[in-house]
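Scroll down for the structure; my scribbles are underneath it.
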Amino acid sequence: MSTPTRRNRGTVRNALIAVFAMILAFVAAPTAPALAANPYERGPAPTKASIEATTGYFATAKVTVAKSSVSGFGGGTIYYPTSTTSGTFGAIALVPGFTNVQSAVAWLGPRVASQGFVVFIIDTNSVYDSPDSRGTQLLAALDYLTNTSTVKSRVDATRLGVMGYSMGGGGALSATKTRTSIKASVPMAPYHSTKTWTTVKTPTLIVTGQSDTTAPPASHGLAFYNSLSTSIDKAYMELKGAGHSAPTSANTTIAKYSISWFKRFIDDDTRYDQFLCPNPTDTTISSYKSTCNYS
């Protein structure tokens, strides 16, 4: 067998060098970029403690909106994160119930805002306004918030939600029936003479009280939940032993699941799925139902 010539040895050596160079280039090449993080996430990864806290990650401030400065609703108070480094925020309009003013549900303003939302708690034109009127006023408040308010630059007008108590809860249902672009709704102890809401397209969490005699769950909250299409994300939460006025006082259970619902469907933040699905089993809850098909 003949021995390799110097020229052949050089050729082999050059080929090996080329192969090693290709290997090194492959190893050193940057990997394909990871999928972009959800641009709507606000705040760190949530924990049970963080969603139960009375104050969340964001410092908040508030601004009063006089009734005389708006049309279509009765003014109110806007609670908002003071941070300008996190980008814009989703926004929620909240309306109180029959004979109530905004102070009845004011505890929710800074609590929800501190989790990374702009929250507008409104007064109605009249404390006797019907649920449908309250729904129309919620929409007027959202329009004011996104188009005219002093905090409009902080609001993402494509990510809006509604919330309401009693007739205001009925108003929240009415608002989502009218404006299907609303991302999330939380009617609390909802009251409405209409019992069927099959055309609602908005992810809806209905909160009721087990002992509510003003808007009994069987004929109001639970009936509304059952009428909602199974094709949408929906949930029903009944508070153990609670009466109609439960949402008018600070309530950790209402806050934690409302925040989780808004985070999941206004911010599209799947980090909050863990608190909503499978159905929670808190001792403060007498019944919880949901489609639990978040995707």
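Data for the structure
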read-out: Cα→Cβ-extended label distance, 7 Å offset, between Thr55 and Thr291, nm; value: 3.8
read-out: Cross-link pairs Lys183/Lys289; Lys152/Lys183; Lys183/Lys256; Lys62/Lys240; Lys62/Lys263 - those with Cα-Cα distance over 24 Å; value: Lys62/Lys240
read-out: Gained length - Ala218 relative to Ser126, 0.36 nm times residue gap less alpha-carbon distance; value: 30.3 nm
read-out: Cα gyration tensor shape for the range 179-261, rounded if a/c is under 1.5, else prolate or oblate; value: oblate
read-out: Fraction of antiparallel bridges per DSSP, the chain only, in percent to nearest 5; value: 40
read-out: MRE, 222 nm, helices only [DSSP H, n ≥ 4, -39500 (n - 2.57), over the chain, to nearest 500]; value: -9000 deg cm²/dmol
read-out: Furthest towards positive pole of dipole, Ser258, Thr194, Leu173, structure part the chain, Cβ charges; value: Ser258
read-out: Compactness of the range 38-84 - radius of gyration and Dmax, Cα, Å; value: 15.0, 42
read-out: Label-zone membership for the range 44-83, site Asp273, 7 angstrom Cα→C-beta point, backbone N under 16 Å; value: 46
read-out: Residues Ile51, Ile232 arranged by fewest to most Cβ contacts within 10 Å; value: Ile232, Ile51
read-out: Sequence-separation-based contact order of the range 98-168, relative, with Cα cut under 8 Å and 6+ spacing, percent; value: 34
read-out: Translational D in µm²/s for the range 60-153 (Stokes-Einstein at 4 °C, 1.567 mPa s, Kirkwood Rh from C-alpha pairs); value: 99
read-out: Under Karplus coefficients 6.51, -1.76 and 1.60, residue-wise ³J(HN,Hα) of the range 207-219 in Hz, glycine/proline x; value: 10, 10, x, 4, 9, 6, 9, 7, 10, x, x, 4, 10
read-out: 3J(HN,Hα) from dihedral phi, the range 221-231, Karplus parametrisation 6.51/-1.76/1.60, rounded to Hz, x for glycine, proline; value: x, 5, 4, 5, 4, 5, 7, 5, 4, 6, 7
read-out: Cross-link partners of Lys48 among aspartates and glutamates (Cα-Cα below 13 Å; sequence separation of 8 or more within a chain); value: Asp273, Asp282
read-out: Read-out Cα Rg over 2.2 N^0.38 Å, derived from the coordinates shown; its label in (i) 1.05; (ii) 1.10; (iii) 1.36; value: (iii)
read-out: Equivalent ellipsoid semi-axes - Cα gyration tensor, the range 78-205, angstrom; value: 23, 16, 12
read-out: For Glu41, Glu238, Glu52, order by how many other beta-carbon atoms lie within 10 Å, fewest first; value: Glu52, Glu41, Glu238
read-out: Potential extension, Asn226-Ser193 segment - 0.36 nm per residue separation minus Cα distance; value: 10.4 nm
read-out: Which of Val151, Val118 has the fewest Cβ neighbours within 10 Å, and the rest in rising order; value: Val151, Val118
read-out: The range 60-290: relative contact order in percent, alpha carbon pairs under 8 Å with at least 6 residues between; value: 16
read-out: Potential extension, Lys67-Thr47 segment - 0.36 nm per residue separation minus Cα distance; value: 3.4 nm
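Each reported figure results from applying straightforward, stated rules to the coordinates on display, with no laboratory input. Here the structure is a predicted model, which is why all the values come from computation and not from measurement. Glycine also receives a Cβ, built like all others from the backbone with ideal geometry; neighbour counts cover every protein chain displayed.
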